[in-house]
Every structure is written in C-alpha cells, then in structure tokens.
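The structure under discussion appears below in the form of structure tokens.
The values are calculated or read from the model by the stated rules, or taken from the named source; none is laboratory data. What you see is a predicted model; the values in this text were computed from it and never measured. Neighbour counts are summed over all protein chains in view; Cβ atoms, including those assigned to glycine, are modelled from backbone coordinates with ideal geometry.
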Amino acid sequence: MQTACKQICQVFSHSPVFRLGGDEFVAVLQDRDFSNRFELLRDFDIRSHMENIRVSDPWQKVDVAKGISTFRPSEDRTVEEVLHRADQRMYHNKHDMRDGA
C-alpha cells in the first residue's frame, strides 16, 4: 500500500491526494493533471508494472484497481455523486483485472 500511495502521489504530483480510509485513495485532478489524466493513468500502470518486475516480495507489489470520473456541473449536485461514479468504475476495473481483461 505504501508503494502504491507513493506512486499515486508521484504520478499526480500537481493535484491533492487523499486517503479515504483503508486502502482507498482519491486524487482530485487539477490543471495539468486533469488535462493529461489518461496519459497519467497509463504512466501509473507502466510504473506499477515496472515496480512489480523489480520487487520479489508480494507485499511490495502494486495491485491497484482504478476508477475515474469527471464532475458534470449540469448533473452533479455533490462530490459524492462524482466519487460514486468513480467507485463504480473502480469496481468494474477490479473485476476486469481478476478476469484477465
């Protein structure tokens, strides 16, 4: 978890990162990070893969399900709505990872 958190903070270095609890983190993407969000997600995946090749201890490996959502001013009334969509996408990503997709 420490390695994953470090990577999240490094990749999304221009945005605040919060621990919601347990093993859940949220990065509130701003400015450049928001504009480059898909490239940054790809960078995170590459860094995670490289780290997992480097380490031998399973506890040091990075295994992260991700979900991303964008605030929609015309539809969203609360931050919770945006977080809920991101959480749903994270859940689908987690199941795709298990299924090998």
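Residues that are without any contact (Cβ under 8 Å) to a residue 12 or more places away in the chain and either surrounded by 14 or more Cβ atoms within 10 Å (Cβ to Cβ) or not small (G, A, S) (or both) number at least 1 in the following helices (runs of 4 or more DSSP H) confined to the chain: 2-11, 37-54, 79-99. For the range 27-35, the criterion of a residue being within 20 Å of N93 (Cα to Cα) and assigned by TED's automatic domain parsing to the domain that holds Y91 is satisfied by no position. Residue count for the range 36-81, restricted to those that are of a type in the set (K, R) and farther than 21 Å from V26 by Cβ: 2.
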